Amino acid sequence: MKYKKVAEIRNIFLNYFKEKGHTVVPSSSLLPAGDPTLLFTTAGMVQFKPYFTGAVELPYTKATSAQKCLRTTDLENVGKTERHCTFFEMLGNFSFGDYFKEEAIEYSLDCSVNYLGFPKEKIWITVFENDDEAERIWISKGIPPERITRLGKKDNFWGPAGDSGACGPCSELYLDRGPEKGFPECGTKKECKPGCDCDRFLEFWNIVFNQFNQDTEGNLHPLKQTGIDTGSGLERVALLLQEVDSVYDTDELRGIISEVEKVSGKKYAEETKVPFRVITDHIRSVLFSVGDGIFPDRTGRGYVIRRLIRRAVLFARKLELREPFLHKLVAPVVSIYKERYPELENHAASVERTLLAEEELFLKTLEIGLEKIEALVAKTVASGSKTFSGKDSFLLYGTYGFPAEMTEEIVAEHGLSFDKEGFSEELEKDRQSSRETWKANRSALFTGTKVDKTEFLGYSRLEAEAPITFAFFENKSVDSLREGQSGVLTFRATPFYPEGGGQQGDTGFVKKGSSLFKVLDTQKENDVILHYGIVLNGSFTVGESAVLEVEKERREKLKSHHSGTHLLNGALRKILGTHVMQKGSVVSPDYLRFDFSHPSPMTGEEIRRIESWVNESIALSIPVETKVLPIEEAKKTGAVAAFDEKYGDSVRVLQMGDRSLEFCGGTHVGNTRDIGYFYIKKESSPGAGNRRVEAVAGPAVIETFQNRFAELTESVQNLNLKIKEDLGPESASLTIQTHVPGPEEIRSLFRAKGSDAVRELRELSEKLFFEIEETQSKFLKEKKNRESKDFENNPTVIQSVLANAESAGTTKVLKAIFDSKDAKALKGLSDSLKVREKDMVAVLASRNEEDASIIVTCSQNLAGKVVHCGDLVKFACELLEGKGGGKPDMAQGGGKNVSRLEEAVQVAVDRAKAALNGSKV
Ligand code: SER
């Protein structure tokens, strides 16, 4: 085989399919658009999911792509094996109702043999257990039957990606790398072929014949149009063509390994290969993920990214890397990939910043956490237990930042299992408790003690050194706070902002030599600032000096939300009126909430104007200025004060040009442009004649829109599918074809338009929302129409009504009660009955939970002469406690007393019969 570089393989593949009439589609984001059930893009077909099911109009019927993918299911194996990666690129060709098995098989063989250079005689094939057709095609293309294996559902049935979507049987191409790669017993004691666990046969191309759409309950429905989805792992193909044993020995990954060598000063060798591979894989994953806007976080996708970063930092210790280093790999790795993924360069600076902050945060506690874990493992082993307790793993998680899965991996090395349930229980308990208990006790701390005011330094600094003034343990003043103890420290001065004016307290660290105190919350008691937390290492004694460091990234988010709150207050007063008074406010890193006096709900138009006014203020780049003034003087400035705040002799006045002037002790951005963007998520009432606005500011706005549009995409696709399934292909004109922007598009829009993007995206999301509602109701109406047509012409229904006919002389008296049919459907049915029966009276009724309706009709020979339908209906409706009436040959009515419907129908029937038998009604 001829050696080919990764870049060359990618190009050969894409060009081959381009030549065959496929549209070359760029890789989509790792954040899947419109599929909340899927954490990441895990395959090339993910961006095409709606094309397979036919939920949207097709822009092309054949496509090819090289897709960035992330799979973290086997994370603990990554680094320890030759081929596991979390990030990989998948080459693929796709057909949406275009070609099927024959061509897909032909293309895969032609491209592999004649373009990529795989020797045909070494290619083996697997097909799904009952797929005779696929086997026949392979044979016709020159693959002998003895090199074709049939495999079951576990191996040869693929999909769906996420909880629903296209799936189907598959057929795979394997390369025979020779018996020497197999287990010693392969070929002698046992027959070795694809499906064997050894390394002799390696799969390099998977063809999925998409035939089904799996719903969320797991049922398979035949797809209206069949499709092809192929996947060929680029790293895997490179390994084979470059004739190496490990994907980490292919050219691009080797390139990253050299960069890790430079950063660590260590050589990649047998004894160092695990950490090298872990770092190499994880830097790619986090670079591409953060580049796609998936930031490390406490939950969801962000949590997976945090785990990857922390795992890389953990393994890096084996290379004696104890300082932040991942961020240094960003630039060199970007230069390897930038040609194929040009967007990486735009994001490089933000990825570097994010990684550095995340590494610094974790490194602060890693060392101590590792010592702790060793002690806990020893304790567990000594106790004779084989399980590492949930309590211990929660301690490592909550205090030292060890992701639970990382602890699981570490304790497994010591032969211990991990108590997942116990961990979840601890997590739940913690959610319920902690902060509240601290707050409840704080006023008792200083009883009978003279204390000095803490000087607050945090407006201009996030780091400072200051002497410890008090230490509290279990609510009692102590000389020192020792390792493992949770308590309170106070200092002469501090950069930590204590919760106040709605803004949550800062978190961070206090250091003194190797002693470390983790600050979990900051509160205030009169003029003293209280740092609540836990001593992770060493001890802290009153009188000693320590270094205080605020968690920067969290503070930045708090600043955006606090300054956003001021502009919101300004906007409300400007647009709704100066009667607006602040009644309550929450400023958290993730969102802001603002309660204010206003008598009525805000209109959609008011919300839009308020939001635009705030975004306009951001775009104006107004400097944020503060002054500390004597209270009387401050009042004269006309600054807005919050009603529930106590103010001292002097107050701080915070001004944003002519847009906002408020009393405020909080921490803010230096210029309104630093807020970035502002978006109102919700307007509601907290009660008592007040209104409440929930909003986000800064990067949280982008994420909010990404989630919002993902939900909308999902609704559009589901609705479109339902329309097509229930009403058939001729209903395509009813489906929604409005373009819904994906995550990357949303980010680009913010990059290009700044805060103006908010208005545009709000309008688009509202428009789509209404379009979905409107289409939904049109669809339901049309469906009902069809159902009632189906109902009135349904031979089974007609037969059953006729079969139950009673007679009065020569006349048939028909009666029937149905569930949930409207008057139109009953009328339609009565018309069908009339066509069949020339001498009849019909009493037809329908009920649902709330009411019942009834129709009486008769053939022309009787109308007004023998029976009067209007009169019959009147009698029936009296029993239903409702009204009814109509013409001699047809009348209708209804009522609420559903329980008497049978009686009511019978009354009409009996009266009709009496009339037919002689006594006129
Ligand atoms: N979706 C299939 C896979 O991931 C083929 O692309 O293997």
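Since every read-out is calculated from the coordinates, none of them should be taken as a lab result. The shown structure was predicted, so the numbers you read here are calculated from the model rather than taken from an experiment. Here Cβ is always computed from backbone atoms with ideal geometry, including for glycine, and neighbour counts include all displayed protein chains.
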Handout entry: For region 749-799, with +1 on Lys and Arg beta carbons and -1 on Asp and Glu, the positive-most of Phe769, Asn794, Leu780 along the dipole
Key = Phe769
Fill in the blank from the handout: With bins of 20 Å, the percent of all Cα-Cα pairs of the chain per bin from 0 is 12, 31, 30, 20, 7, 0
Fill in the blank from the handout: With -39,500 (n - 2.57) per DSSP H segment of 4 or more residues and division by the full residue count of the chain, the 222 nm estimate, nearest 500 deg cm²/dmol, is -13000 deg cm²/dmol
Fill in the blank from the handout: Counting all Cα-Cα pairs in region 344-473, those more than 24 Å apart amount in percent to 55
Exercise for the section: Per residue, how big is the convex hull around the C-alpha atoms of region 407-533? Give it to me in cubic angstrom, could you? Expected result: 149
Problem - Whole-angstrom gap from region 18-32 to region 806-857, using each part's C-alpha centre - result: 58
Practice task
Give a residue-ordered list of calculated ³J(HN,Hα) values for region 839-851 (Karplus: 6.51 cos²θ - 1.76 cosθ + 1.60, θ = phi - 60°; whole Hz; x for Gly, Pro).
Solution key: 9, 7, 10, 10, 10, 10, 9, 8, 10, 9, 4, 8, 8
Problem - region 824-902: Cα Rg divided by the 2.2 N^0.38 Å rule of thumb - result: 1.05
Completion exercise
region 293-410: spread of alpha-carbon positions along the three principal axes, whole Å, largest first, is 56, 31, 21
Problem - Packing-based ranking, highest mean first, of 703-712, 153-162 given that Cβ atoms within 10 Å are counted - result: 703-712, 153-162
Practice task
Can you find, among Thr230, Asn671, Pro324, the residue farthest towards the positive end of the dipole of the chain? Put +1 on the C-beta of Lys and Arg, -1 on that of Asp and Glu.
Solution key: Asn671
Exercise for the section: Collect residues whose amide H, placed 1.01 Å from N in the peptide plane, falls under 5 Å from the amide H of Val624; neighbours closer than 5 in sequence don't count. Expected result: Asn671, Thr672
Handout entry: Table column - 3J(HN,Hα) (Hz), region 477-489, Karplus curve with 6.51, -1.76, 1.60, x for Gly and Pro
Key = 5, 10, 6, 9, 10, 10, 3, x, 8, 9, x, 10, 10
Completion exercise
Packing-ranked peptide list from 525-536, 448-459, highest mean Cβ count within 10 angstrom first, is 525-536, 448-459
Problem - Net charge dipole size for region 368-511 [Lys, Arg +1 and Asp, Glu -1 on Cβ; Debye, nearest 20] - result: 660
Problem - Under-5 Å amide H pairs with Gly882, H placed in peptide plane, nonlocal only - result: Lys896
Practice task
List the chymotrypsin sites (Phe, Trp or Tyr not before Pro) within region 580-664 that fall in a DSSP loop (any state other than H, G, I, E or B) and whose Cβ has at most 16 other Cβ atoms within 10 Å.
Solution key: Phe643, Tyr647
Completion exercise
TM-like helix rule applied to the chain (DSSP H, alpha carbon span at least 30 Å on the long axis, mean Kyte-Doolittle at least -0.5) gives 343-382, 700-727
Handout entry: Gain upon complete extension [Asp726, Ala375; 0.36 nm per residue less C-alpha separation]
Key = 120.1 nm
Problem - Student exercise, the chain dipole from Lys, Arg, Asp, Glu Cβ charges, in Debye to nearest 20 - result: 1380
Problem - Normalised convex hull volume, region 208-277, alpha-carbon set, Å³ per residue - result: 158
Problem - Alpha-carbon Debye profile of region 121-193, log10 I(q)/I(0) at 0.14, 0.16 Å⁻¹ - result: -0.54, -0.67
Exercise for the section: Please list, in chain and number order, the residues 5+ apart from Thr149 or on another chain whose amide H is under 5 Å from its amide H, with Hs placed from the backbone. Expected result: Ile125, Thr126, Val127
Fill in the blank from the handout: Check: C-alpha center region 80-107 vs C-alpha center region 557-582, spacing in Å is 52
Completion exercise
Violations at 21 Å Cα threshold for listed pairs Lys559/Lys681; Lys262/Lys328; Lys781/Lys838; Lys784/Lys821; Lys391/Lys429 -> Lys781/Lys838
Problem - Gain in span if fully extended, Ala331 to Lys552, counting 0.36 nm per residue against the direct Cα distance - result: 77.2 nm
Practice task
Report, in whole Å, the centroid distance computed from the Cα atoms of region 877-917 and region 585-643.
Solution key: 64
Practice task
Quick one: compute the contact order of the chain, relative version, from alpha carbon pairs under 8 angstrom and 6+ residues apart, as a percent.
Solution key: 7
Exercise for the section: Calculate, for Ala914 and Asn219, the FRET efficiency according to 1/(1 + (r/R0)^6) with r their C-beta to C-beta distance and R0 60 Å; round to the nearest 0.05. Expected result: 0.70
Exercise for the section: Starting from the Cα-Cα distance between Asn526 and Glu185, subtract it from 0.36 nm times their residue separation and give me the gain in nm to one decimal. Expected result: 115.0 nm
Problem - Anchor Lys122: lysines whose Cα lies under 19 Å away (excluding residues fewer than 8 positions away in-chain) - result: Lys2, Lys4, Lys141, Lys181, Lys193
Handout entry: Dipole magnitude of region 4-154 about its Cα centre (Cβ charges: Lys, Arg +1; Asp, Glu -1), debye to nearest 20
Key = 440
Exercise for the section: Would you mind computing, in nm to one decimal, how far apart the modelled labels at Ile575 and Lys122 are, each placed 7 Å from Cα along Cα→Cβ? Expected result: 6.7
Problem - Percentage, to the nearest whole number, of Cα pairs in region 622-672 over 13 Å apart - result: 53
Handout entry: Net charge over other residues, Cβ less than 13 angstrom from the Cβ of His579 (K, R count +1; D, E count -1)
Key = +4
Handout entry: Kirkwood-based Rg to Rh ratio, region 19-147, C-alpha trace
Key = 1.00
Exercise for the section: Measure of size requested: the Rg and Dmax of region 693-820, with Cα atoms as the atom set and Å as the unit; please supply both. Expected result: 24.3, 84
Practice task
From the C-alpha gyration tensor of region 625-710, pull out the three semi-axes of the equivalent ellipsoid (sqrt of 5λ each), sorted largest to smallest, in whole Å.
Solution key: 30, 18, 9
